[in-house]
Every structure is written in C-alpha cells, then in structure tokens.
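Undergrad: For reference, the structure I am asking about is given below.
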Amino acid sequence: MADASAAPEVRYETDEPVTYNVVDNVAWVMMNRVQYNNAQNSQMTYAIDAAFKRAVDDENVRAIVLGGEGKHFSAGHDIGTPGRDVSKSFDRVHLLPDHVGKKGAEFLYTREQEVYLGMCRRWRDMPKPTIAMVQGACIAGGLMLAWVCDLIVASDDAFFQDPVAKMMGIPGVEYFAHGYELPTRVAKEFLLLGERMPADRAYNFGMVNKVVPREELREAVTAMAAKLAAQQQLGLWLTKQAVNHVDELRGKRAAMDAVFHMHHFAHAQNDLTTGHSLGGVTGKSAAASNKSSEKDG
Ligand code: ZN
C-alpha cells in the first residue's frame, strides 16, 4: 500500500499540462510538461481528455493531432515528479468509483481502469481521425498514447520502448496492444528485453506510418492532417471503426482485459514482496537503469 498511504504532497509545475490550438480545421493537442519529458500525471490525462472532448464537440475540427512539446513525445506515466498525483481525486469520465481511499490492490486496480485502460479505449474510439506526432522518447505510458491514435508519424530520432517487464516484473503497460501492433516474435522481444526500438524498425513492422527527419516532423503531420480534414467526415469515422472492429474480432479487447488482470496481479505481488507496487522503481531509478542498459545494448 505504499502508493496510497505514502501520498506525498503534490506540487504541479504548471496549470496547463496540455495546450490546445485549432489551425486549418485541425486540433493540435500538445502535451506540455517539457521539464519532465511529458511524463503523464492525472492532471495531464484529464487535460488530454478535455482537449479531445473539445475537439470532438467542435464542428470545425476535422482531424486531431496528439504531440508533445520539447525533446520527447512522452517518457511515460509519471512515477516520480513533484506533480505525481496518484493519490488525488478527480472527476471520473467513466462510471467508476474514486480510487482514493481504496485499500490494498483495489487502489491501483480502480485508478488504472479509469485513467489508463478506460481513457485509452475512449480515445481510440473517438469519431474523428487522429495522428500521433512522435519525436524522441515514446516510453511505456507514452506508447499507449501513440497507439490509440489512428496514424503515427515519427521523426528519425524517435524510439519506442516498454521497459515495464524488465524493470518492474509487470507484463507491459496497461493498454496491452503490443501483440496487435507488432508481430508475435517481435512483441515478445520488445517486452522480454525491454529495449529501445528505433522509429525505422517500428516502421518496418507497420507500427509507424511515416518516418521523417526531425526538422520536417511538424510539416509532415500538418500535410497528413490536411488530407484527413479535406475528406468526408462520416466516412472517416466509419472507416476507423471498421478497422478497429477487425482488431476486436481478433480478440483485442478480451486480450487486454486478461492482461490487465495479470498486470494487477504483478502490481500486487510487488507490493506484497517489496512494499511498493512498482517494485521500488522511481522516476530516477528508471532513468538510470535505462541509461546503463542502453550502454550495454
Ligand atoms: Zn499499472
């Protein structure tokens, strides 16, 4: 129960963890915790959700871009900044109870249903076409954000990584799309070794739609979004639903539900054996171990 009871005071470094701008019928939703490489706390998650809601509600918005300001798309879920707010209550967007005050494994199980699995499914199913614009690091929770988008455009310096199994003994991030985004053997390698996958390798498996030089990233995304914005909107909605439905027929939802429970068994096991649901991993220790493993590899 380290997560719930330790509850350090939350200090947000910004009131605007996400910026929202509409340009030429395209909504640009940009993560804006540059100082922390866009680590995702609940403040940011709910701000992304609010931005998507705004984009869906606005008749003039015909395509949505999700990106991150600064050097990196996203370093993942916030596991150690002063703005880490896992023990804070928010108005839920799903019919779920508040996780705050829940005892034992129920705390994280309830929270992650809402802010990770629930949010990602909700975002994947938005009726408007979405593009993830990825530069630099796209790690763990960052992967979830890229994967829920319909298309992914990456810069040549981007890399993808899920080090959760390697570092925490947990079978990957909460939105378990690995086996749908990558061929089986590659998904296993990605999870078991937890190494960085460069954008060009991800492109080879079709996980990324386009790789461009860093300085051309925004331009490439703008051009792709303009094409989507020019198309018949209902047709795009039906088309993305059609492909998503094929994934469902391949068992995506059921697989994710099954793995979500393994994920929480592993959180609970960590808590029972180390007193910490992440197995003692903090933002600092994660960054250090990632650095040293990249040197080895
Ligand atoms: Zn988790």
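Undergrad: I'm trying to understand the selection: among the residues of the stretch 113-134, which are more than 11 Å from the chain's Cα centre (by Cα) and of a type in the set (A, V, I, L, M, F, W, C)?
TA: MET126, ILE131, MET133, VAL134, listed by residue number.
Undergrad: May I ask you to list the residues in the stretch 148-160 that are open to solvent by 10 Å² or more (accessible area, probe 1.4 Å) and either without any contact (Cβ under 8 Å) to a residue 40 or more places away in the chain or of a type outside the set (A, V, I, L, M, F, W, C) (or both)?
TA: ASP150, ASP156, ASP157
Undergrad: Looking for whichever is in contact (Cβ under 8 Å) with a residue 12 or more places away in the chain, assigned to a loop (DSSP other than H, G, I, E, B) and open to solvent by less than 10 Å² (accessible area, probe 1.4 Å) here; the options are VAL61, VAL10. Which one fits?
TA: VAL61
Undergrad: Could I ask something else about it? Can you spot a residue in the stretch 174-191 that is surrounded by fewer than 22 Cβ atoms within 10 Å (Cβ to Cβ), of a type in the set (Lys, Arg) and within 16 Å of the ligand (Cβ to nearest atom)?
TA: no
Undergrad: Return a yes/no flag: does the stretch 96-104 have any residue that is crowded, with 22+ Cβ neighbours inside 10 Å and out of contact with any Cys (no Cβ under 8 Å at 6 or more places or on another chain).
TA: First, the residues of the stretch 96-104 that are crowded, with 22+ Cβ neighbours inside 10 Å: 99.
Filter again for out of contact with any Cys (no Cβ under 8 Å at 6 or more places or on another chain), leaving 99.
Yes, the stretch 96-104 has at least one match.
Undergrad: Residue check: is ASN21 under 27 Å from ALA199 (Cα atoms), open to solvent by 60 Å² or more (accessible area, probe 1.4 Å) and touching a Phe, Trp or Tyr at 6+ places or on another chain (Cβ under 9 Å)? Give the derivation first.
TA: Values: under 27 Å from ALA199 (Cα atoms): yes; open to solvent by 60 Å² or more (accessible area, probe 1.4 Å): yes; touching a Phe, Trp or Tyr at 6+ places or on another chain (Cβ under 9 Å): yes.
Yes, satisfied.
The values are calculated or read from the model by the stated rules, or taken from the named source; none is laboratory data. Predicted, not measured: the structure shown is a model, and the values here were computed from it. Don't worry about glycine lacking a Cβ; one is built from the backbone with ideal geometry, like all the others, and counts go over all protein chains shown. Protein only, heavy atoms only, side chains kept; ligands, DNA and RNA dropped before computing areas. Shrake-Rupley method; radii C 1.70, N 1.55, O 1.52, S 1.80 Å.
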